[in-house]
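To keep things clear, I will list the structure first and then write my remarks on it.
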Amino acid sequence: MSNSKKYLQEEIIRTSGVNPKKCMRCGKCSATCPAYDEMEYHPHQFVYMVESGNIEPLLESDSLYRCLTCFACVDRCPRSVEPAKLVEAVRLAAIRKQGNNRMTANDVPELIDDETPQQLIVSAFRKYTK
Amino acid sequence: MKFSYFPGCTLKNKAKSLDIYARRSAEKLGVTLEEIENWQCCGGVFTTAKDEVATKLSSVRILKDAQKKQQALVTVCSACHNVVKQTNYAMQNDKEFAGKVNRYMSEDEYNGETQIYHYLELLRDVIGYDKIKESVVNPIGKKVAAYYGCLLLRPNAVMRMDDPENPTIIEDLIKALGGEAVIYGYRNECCGGYVRMESPELAGKKSQTVIESAKKAGAEVIVTACPLCKYNLEKSGCDIPVVYLTELLAEALGVKEDTNE
Amino acid sequence: MQKITRDILVEKAVSLLENGTVCCVLGWKKGEFDYDVTPALFESKEEIEKDFVYDDFCGANFSKYLVKKTIKAEGKILVFLKPCDTYSFNQLLTEHRFDREKVYAIGIPCEGMADINKIRAIAGDGISEIKCGEKIVVDTIYGDKHEIDAKDVLLERCINCKSKKHVNYDELLGDEGEVIESNRFDEVARLEAMTPDERFAFWQNELSRCIRCNACRDVCPACTCEKCVFDNPKSGVENKAPANEFEEKMFHIIRAFHVAGRCTDCGECSRVCPQHIPLHLLNRKFIKDIDSFYGEYQAGAEVGSRAPLVNYTTNDLEPSEVFEGRGE
Amino acid sequence: MQRIGVFVCWCGSNIAGTVDVVAVAEALKKEPGVVFSANYQYMCSQAGQDLIKNAIKEHNLTGIVVCSCSPRMHEATFRKTAAAAGLNPYMVEIANIREQCSWVHKEMPIGTEKAIILGKAAVAKVNLNTPLVPGESPVTKRALVIGGGIAGIQTALDIADAGFEVDIVEKKPTIGGKMAQLDKTFPTLDCAACILTPKMVDVAQNEKIRIFSYSEVTDVKGFVGNFDVTIKKKARYVKEELCTGCGACTEKCPMKKVPNDFNLNMDTKRAIYIPFAQAVPKVATIDPDYCNMLKNGKCGVCSKVCAAGAIDYTQKDEFIEEKYGAIVVATGFNPISMDKFDEFAYNQSKDVITSLEFERLTNAAGPTAGKLLRPSDHKHPEKIVFVQCVGSRCDACNEKGKEYCSKICCMYTAKHAMLTRDKYPDTEVYVFYIDVRTPGKNFDEFYRRAVEEYGVHYIKGMVGKVVPEGDKLIVQASDLLDNKQLKIEADLVVLAAAIEPDKSARPLATLLTASMDTNDFFTEAHPKLRPVESPTAGVFLSGACQGPKDIPETVAQAGAAASKVIGLLAKDKLTGNPCVAHSNEMMCNGCSSCERVCPYGAITYEDKEFRMPDRTTLMRRIAVVNPAVCQGCGCCTVACPSGAMDLKGFASEQIIAEVDAICK
Amino acid sequence: MQVKEYKPLIVAFCCNWCSYAGADLAGNNRLNYPADVKIIRVPCSCRVNPMFVLRAFQRGADGVILCGCHPGDCHYTSGNYYTRRRMALLFSMLDYLCIERERTRVEWVSAAEGAKFAATMNDFAEKVAALGENKRLEDLRCKK
């Protein structure tokens, strides 16, 4: 593994607090995931790809923004791997890069209606911007 | 009984009824909710990354304010509750994180001492469903589907509210209010949450699954504690009413129409 | 000044003796000097009324005496226990050293006991009379009179009192106190923070004064062995007097290790040491280490608790890890 | 003063190449107590041993030191040599000058100097040696087996076969255990009852075996060869000796709504019941929680219909005290509770069941008479999903499950899947697995048959959620190889629940002072070399109480445990290791420190009367070591504050003498 | 003047079941370690009384090492767990009294770890040799 890959991997493991080596590849996270069908890479792949250092494809993938952070995988994982936290760390690694904000304030008016709760807007900002 | 109370931004705006009925019902049940002064938005979602500090400070401030008043903190909105509770858990268990936060904060150290109740826990554990049952004046008399979503119950290691896979806390409340609780499979499945912003289709699909499941089980009304859940369900073509559980409660307790106003 | 007076204790002792609840009373008796209070066994009302004292010099911890006295006594023995004494009392019960049924224990409050050495430092030599009251009033043979505030001359162990709570008694006189957050480990921490050479010099200075009088051992409530290893020719460590320079150090390490996990930190060893060696700093080192390695443990806090040295967990600290994580 | 002989071995050039053996022998001759010293090429040879024997006799030696190879090599040899010459074998000490000297050092002067020091240390020790005689204790030639499942049954039969009396204590009203609840057994698919019930009958008919059913062990005292055990016979309100097992009472009892635990509460029984037709003993038992007569004195039907007059509503628990030489633990296992795994909806739908419940559903004597019908509506299920590893292989931080693999689930699931397809070819069967683990004779072949011949769909992946919807169960699962999330509309979901030791094991272990691991499985004396013995002498392990096991393994271990018991009971007396702890009662404080650290429970306390110099007497509490139980680790000697406790053969004095000799 | 080369004196207490066998294995494999190391066989590391350690220092040992089975592998199931506590506390106390901490050690050596035994002894002997003679525990008042 190249140094930059290794650094990225360490960074993600550190910020997520997840040890992907604990995974026994049962796939229960992906079995449980409500956003599975919309994802290019599924929760168990996140774990496996972070473990093997193959993180670039994840950084580029929309899958990062499909995770609903519903914590179902965290609760059901028999190995306490907590895949959602890993997805979150990879997402942060992506949007923390300069110019990688996925949404700007200008986009908002178009996306909302009269009933949109504030909660949705702030949540989306937390998720899509740094 | 007095508690510190954090309504959160949506409850001051689009979800006013969630807030107002919570307070009225609490008063009726002998509990005063004292709103924290000068609170800020919790941020809507909890960022699990250990190095995210600034985004969690507003939650810590809320918790510290409650601590200063020596009160337990009550929240109603599922999202606020989740964020504040997860932040508090991190303050208790992640020394490094707590250290960083405390360096930001000017005053005394905070290490997660504040006790947090979701409004439902306040009803179940502090007031008691028996007492609520006695106070009911308008029994609901409907088939009500409790919609938990994800934020109330998970992650269970932090939330510790109920069995995350087979919860009863809302169903028991519905029964106490004279309604019939409808059990259905997707009551703890995510509505699609914030993804509504970017992918209404995904959010729509998730919400429809929930709606269909509830309807199949015979629900006449769905209750939730989360403004975003309500919004998502309603935007996804839900043809049965989605109401806040505080509204249901206020109605049953006969305080929905405030005679003082 | 003590909150409870001699008269209350005497009245209590006499009534329990007269109504037959107890057959004798373990209490404090005036010695040659006012400050020289000694433990004594009183068997009659007259003896008690004549000689019983209770003042700022009643530091003696009676728990140990119960080991021998209860075996001989026909009935119950009345014993007065200050909060710190009750911990020793419990520890001895844990070790089955006496029969609880043969003791009537009265917990009495304690405001801290006076250190005669500190009084001497103020009043000088030639103390002829000391009266304990609101103030400690000292007369000397040279005609000087000193009024001293008891708070200024407390024993070290009382300054760092760890508990005002009685953990065992049949009857309590006065109010029950609380376990106190004390600073008793500060001095140990200060020593730990020294350079090895400084610390070596410190201990060399202290321990080299030892005259092996055995006062520390004889007063220690944890030292109740039927036969002490230092008196046993077969133990390999027998010695009566320091034969060479190593041995007082050896003596004190072994003694501290012997009581490790069982020492309640009553501080009697330092109180009685005629050479003023701060022996409690050895015992407290063990207590501090035990607390930090294996979780907090207070010997004698409850009867029957399992002392840290006769206990383990499978993930205990390794001896090699002892020096890690101290910023060294 | 001892008269010590020193014998320095050359071991060819092994020692003599690096150590000047003559110089060693000469130097040691000057040590106190040494009266003879010799060197020889091979001390362990016959000639070498003769040299030692002759020297012992000729010089009236009271102790010998052999400077040679490791004591682990020849200590036993030289002890025998000494014994042959009339010297107590424990008066022999070995100085290890080969493995720990000549072989690890290169230069002669260094090797020689060290060998002399090691020799001096050995001489110093021998000077303080005392003759030791191993203790003897008699053996009660009877065994107790706790647990009457297949493990206990097999152990009892094997022990009885060797001619020893055995008692089985079983807490349920009948022996048989889990195996009696099973339908077929893998990998041969013979019917469990057909192979188990004959063994149960054998037990009942064997004159050497007594069954205490509906009974529990409440107290154990004593030690290997001499256990005193108290057994509580719970009141069953039926006189065992009178009951004929005709079953009339169980048909007439008006209390019909009693959950039938034998069928895992999937149907009901009466308040007076016989668990199943082949129960042993075939005796009725009244459940006091449901019997109206016992609860409020109103009924008495069973008493009226019992021709044998066996019903006795006034029966009380009875305590029996028995003596045994050996105890076998065979307390077995249970599936874990599924309460914490409700993503699988076990508590939400009757049609989500555990594998053991599935066994009952397919068993001809089960609640559906062997027809596979769903518990909710008794319909025939058309699609069944089996979920493997439910609660097994969980992370230590995971508060829900067990860390270990439950071992038997892969095989029984293959069995269930295969039998379902065999009997109901129209039923689709899915098995979700993480790994299929089949290490056993004919096991993998069996699993392959399920896939290849019976068309069971094995899918690599786990089930994430089961949603009851209408009369279906929506099973949401991963297909990892196809990288898909599946949603299967199933009629029945079967969970392969992890297994755990029976709850009665932990308190029993405390009674026996037998050690357990964190999962409450009993620990072996050695995981490889002594797998059926507990570290506590005289306590043996049989079956799943030691770890998850299938039937063949259980039976094998049961036989192994029995052979160990037989080996013990065949002896008239037990000879112990004489190097055991010993307490000097004059110095003992009775403080219990030694007892707390003893891993064998070898130390007890007694109050002893001491005569004092002034002719008075006093009672003191003192520690007493049972030499038959002590294994000689010496932990107590350090825990003892007064130094009253010492270890024979490794006494403090002796070790200090060695230290002194080395540090001189 | 010729100065005699300083050789440390090291006492090693080894449990019979693991470490003593490990030492034997080091011998079988001819793995060298200094002859300064002298082994005393004990049934279990828990037989070693802190007094023995002090005795060795008193009599001039420069280093004392205890070897036992790895935690969890004790022949007597729990002996080494007690050793671990006793020695952790003893060593900490010796350090408190300024006995150089490198003079004491506990090492877990299994019967299969001949190489570890030799490596441990080499390392320990080297560290002790670097400290020089044990003076502090031998003599307190005179040798300054």
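The values are calculated or read from the model by the stated rules, or taken from the named source; none is laboratory data. Quick caveat: nothing in here was measured; it's all calculated off a predicted structure. Note that each Cβ is placed from the backbone with ideal geometry, even for glycine, and that neighbours are counted across all protein chains shown.
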Search result, residues across the stretch B:186-219 that are basic (K, R), in a helix (DSSP H, G or I) and within 21 Å of the chain's Cα centre (by Cα): B:R196, B:K206
Selection within the stretch A:104-127 - farther than 15 Å from B:K230 by Cβ and more than 7 Å from chain B (Cβ to nearest Cβ): A:T104, A:A105, A:N106, A:D107, A:V108, A:P109, A:E110, A:I112, A:I121, A:F125
All positions within the stretch A:1-52 that are more than 16 Å from A:S80 (Cα to Cα) and assigned to a loop (DSSP other than H, G, I, E, B): A:M1, A:S2, A:P34, A:A35, A:M39, A:E40, A:Y41, A:H42
Matching entry among B:E121, B:E35 (being out of contact with any Asp or Glu (no Cβ under 8 Å at 6 or more places or on another chain), touching a residue at least 12 places away in the same chain (Cβ under 8 Å) and surrounded by fewer than 17 Cβ atoms within 10 Å (Cβ to Cβ)): B:E35
Single match in D:C591, D:C545 (criterion: surrounded by 17 or more Cβ atoms within 10 Å (Cβ to Cβ) and either assigned by TED's automatic domain parsing to the domain that holds D:V92 or within 23 Å of E:F52 (Cα to Cα) (or both)): D:C591
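Residue-by-condition table, conditions (1) under 26 Å from C:I254 (Cα atoms); (2) out of contact with any strand residue (DSSP E or B) (no Cβ under 6 Å at 6 or more places or on another chain); (3) more than 7 Å from chain D (Cβ to nearest Cβ):
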| residue | (1), (2), (3) |
| --- | --- |
| E:S19 | no, no, yes |
| E:R30 | no, yes, no |
| E:C44 | yes, no, no |
| E:Q58 | yes, yes, yes |
| E:L66 | yes, no, yes |
| E:H70 | no, no, yes |
| E:D73 | no, yes, yes |
Qualifying position, being under 30 Å from D:A16 (Cα atoms), surrounded by 19 or more Cβ atoms within 10 Å (Cβ to Cβ) and not assigned by TED's automatic domain parsing to the domain that holds D:A628, among D:A115, D:A160: D:A115
Every residue from the stretch C:260-280 that is in a helix (DSSP H, G or I) and crowded, with 23+ Cβ neighbours inside 10 Å: C:E268, C:C269, C:R271, C:H280
E:F117 vs. criteria at the interface with chain C (Cβ under 8 Å from one of its Cβ atoms), hydrophobic (A, V, I, L, M, F, W, C) and crowded, with 16+ Cβ neighbours inside 10 Å: no
Subset of the stretch B:201-215 (residues that are among the hydrophobic types (A, V, I, L, M, F, W, C) and either crowded, with 24+ Cβ neighbours inside 10 Å or more than 12 Å from chain A (Cβ to nearest Cβ) (or both)): B:A203, B:V210, B:I211, B:A214
Single match in D:A345, D:A284 (criterion: within 14 Å of chain B (Cβ to nearest Cβ) and of a type in the set (A, V, I, L, M)): D:A345
Residue match in the stretch C:187-210 (condition: assigned to a helix (DSSP H, G or I) and away from chain E (no Cβ under 13 Å)): no
Residue count for the stretch E:84-111, restricted to those that are in a helix (DSSP H, G or I), of a type in the set (S, T, N, Q) and out of contact with any Lys or Arg (no Cβ under 9 Å at 6 or more places or on another chain): 0
Of the criteria (1) within 28 Å of D:K571 (Cβ to Cβ); (2) touching an Asp or Glu at 6+ places or on another chain (Cβ under 8 Å); (3) surrounded by 15 or more Cβ atoms within 10 Å (Cβ to Cβ); (4) not acidic (D, E), which one D:K221 fails: (3)
Qualifying positions in the stretch C:20-39 - touching an Asp or Glu at 6+ places or on another chain (Cβ under 8 Å) and either surrounded by fewer than 21 Cβ atoms within 10 Å (Cβ to Cβ) or within 21 Å of C:K131 (Cβ to Cβ) (or both): C:C23, C:K29, C:K30, C:D34, C:V37
Any helices (runs of 4 or more DSSP H) falling wholly within the stretch B:1-118 and containing at least 2 residues that are in contact with a Lys or Arg (Cβ under 9 Å, 6 or more places away or on another chain): B:16-28, B:78-93, B:95-104
Residue in the stretch D:357-412 that is farthest from D:D342 (Cα to Cα), counting only those that are within 14 Å of chain A (Cβ to nearest Cβ) and of a type in the set (A, V, I, L, M): D:A396
Given (1) under 38 Å from the mean Cα position of the chain (by Cα); (2) crowded, with 24+ Cβ neighbours inside 10 Å; (3) within 24 Å of D:K114 (Cα to Cα), number of the condition D:T81 does not satisfy: (3)
Failed item in (1) within 23 Å of E:Y82 (Cα to Cα); (2) β-branched (V, I, T); (3) more than 28 Å from the chain's Cα centre (by Cα), with D:V624 passing the rest: (3)
Of the criteria (1) surrounded by fewer than 24 Cβ atoms within 10 Å (Cβ to Cβ); (2) without any contact (Cβ under 8 Å) to a residue 40 or more places away in the chain, which one E:M87 fails: (1)
Number of the condition not met by D:T314 [criteria: (1) part of a loop (DSSP other than H, G, I, E, B); (2) outside the structural domain of D:V220 (by TED's automatic domain parsing)]: (2)
Condition check for B:E171: more than 10 Å from every other protein chain (Cβ to nearest Cβ), part of a helix (DSSP H, G or I), among the acidic types (D, E) and free of Cβ contacts under 8 Å to residues at least 60 places away in the same chain: yes
Residues of the stretch D:440-496 satisfying the condition of being away from every other protein chain (no Cβ under 12 Å), closer than 30 Å to B:V182 by Cβ and surrounded by 21 or more Cβ atoms within 10 Å (Cβ to Cβ): D:A490, D:L492, D:V493, D:V494, D:L495
Among the residues listed as E:R136, E:R85, the single one being of a type in the set (K, R) and at pLDDT 90 or above: E:R85
Pick from the stretch C:317-328, criterion assigned to a loop (DSSP other than H, G, I, E, B) and under 15 Å from E:L66 (Cβ atoms), ranking: modelled with the highest pLDDT: C:E318
Residue match in the stretch A:22-42 (condition: of a type outside the set (A, V, I, L, M, F, W, C) and within 19 Å of A:I95 (Cα to Cα)): yes
Residue tally, condition basic (K, R) and in contact (Cβ under 8 Å) with a residue 24 or more places away in the chain, over the stretch A:96-130: 4
Condition met for A:Y41 (within 13 Å of chain D (Cβ to nearest Cβ) and free of Cβ contacts under 8 Å to residues at least 12 places away in the same chain): no
